[in-house]
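The values are calculated or read from the model by the stated rules, or taken from the named source; none is laboratory data. If you're wondering where the values come from, they're calculated on a predicted model, not measured in any experiment. All Cβ positions, even for glycine, are placed from backbone atoms using ideal geometry, and neighbour counts span all protein chains on display.
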Amino acid sequence: MFAIFTQLADWLTYSILNLSPDSKLGDAVHFFIEDVTKIYALLIVMIYFIALLRASLNIERVRDYLSGKNRGVGYLLGSGFGAITPFCSCSSIPVFLGFTSAGIPLGITMSFLLTSPLINEVAILLLMSLLGWKFTLLYVAIGICVGTIGGFFLDSIKAERWLQSFAAKALVQGQQKDQPQNEGTPVVMPFSERHQFAKDETFEIFGRVWKWVIIGVGLGAALHGFVPDGWIEQYLGDGQWWSVPAAVLLGIPLYSNATGVIPVMESLIINGLPIGTTLAFCMSTVAASFPEFILLKQVMQWRLLATVFFLLLVSFTVVGWLFNAFSSFL
């Protein structure tokens, strides 16, 4: 699906810039070009089509279903949707913005955002070949639980009050669009009006976040591949209790997606790093990276950002400890 961005990055990095694919600079530049072009395309396409759907469908019925007595189902649906979408942490953000503008409760939206980078179909297949089906099923279950519990917790503390003003305004406007007096006789907008609405929203949101994509991915690219070979195994390979939170903290400056991090997992496990420590490191790299949080800062205030950050770090640490403790039984 995203092969075109890889091919574009190959051409620009190795043919136009004439960088070596075996060099750290070439790897970093390739990473930057591929991810920026992919995220820009996703931003434009996802925001446009979600806005078009909002203008075409009765989104209020979906919102009310998820907001009412079925809120618990909503967390599972949001987390499940995150699990089946092939997005990394940064490219999930356009969908987050679309959900917010549609008035979907923040907890359900966050369930999607927390789960999406952790699980996708390619990662599941690779994990199964690497660790077996028991570990893979447990990993998927944990990823969905992280999203579901995280969404519930953020709704419980009314975290929507910590959105940036434009995102909070979009959420409120989306939640106030219900007009019961017109129920049953919805007004159908002409396609030209729906297209104009979607185009205006796409330009507005893209214009607000495009530069932060460059900054966020640029930071990830600068750090990508520059950790010395063998360093992680050397210092974190003995399985001490503190090695798991240390691995989580070490993964934060780095950035990858769930598919790209699987070969790293394989290398770390082969070189003696415990499975739980490896998972904690890789989950942190995928879902709690600096580039993602630089982008999220554009839609979240610091208190919400810190809450999400702390929630993820605690979750990954507990997961690492559990896998280390019970790996011999799986």
What number of residues in region 287-305 are in contact with a strand residue (DSSP E or B) (Cβ under 9 Å, 6 or more places away or on another chain), of a type in the set (A, V, I, L, M, F, W, C) and at pLDDT 85 or above?
2
Checking the condition part of a helix (DSSP H, G or I) and either within 24 Å of Ile214 (Cβ to Cβ) or touching a Leu at 6+ places or on another chain (Cβ under 7 Å) (or both), which residue from Leu273, Leu305 passes?
Leu305
Just checking, which of Ala170, Ala198, Ala123 is part of a helix (DSSP H, G or I), of a type in the set (A, V, I, L, M, F, W, C) and modelled with pLDDT of 80 or more?
Ala198
So which residues in region 1-59 are at pLDDT 80 or above and in a loop (DSSP other than H, G, I, E, B)?
Leu17, Asn18, Leu19, Ser20, Pro21, Asp22, Ser23
Mind checking whether some residue in region 99-112 is modelled with pLDDT of 80 or more, part of a loop (DSSP other than H, G, I, E, B) and either farther than 25 Å from Phe203 by Cα or not β-branched (Val, Ile, Thr) (or both)?
yes
Checking Ile269 against (1) of a type in the set (Val, Ile, Thr); (2) under 27 Å from Asp35 (Cβ atoms); (3) at pLDDT 80 or above: exactly one of these is not met. Which one?
(3)
Taking only pairs six or more apart or across chains, which ones have beta-carbon atoms under 6 Å, a first residue in region 308-330 that is within 14 Å of Ile142 (Cα to Cα) and among the hydroxyl-bearing types (Ser, Thr, Tyr), and a second residue that is surrounded by fewer than 22 Cβ atoms within 10 Å (Cβ to Cβ) and at pLDDT 85 or above?
Thr317/Pro245
Being under 18 Å from the mean Cα position of the chain (by Cα) and either in a helix (DSSP H, G or I) or aromatic (Phe, Trp, Tyr) (or both) narrows it down to one residue among Phe316, Phe323; which is it?
Phe316
Residue check for Ile33: surrounded by 20 or more Cβ atoms within 10 Å (Cβ to Cβ), in contact (Cβ under 8 Å) with a residue 24 or more places away in the chain and in contact with a Cys (Cβ under 6 Å, 6 or more places away or on another chain)
no
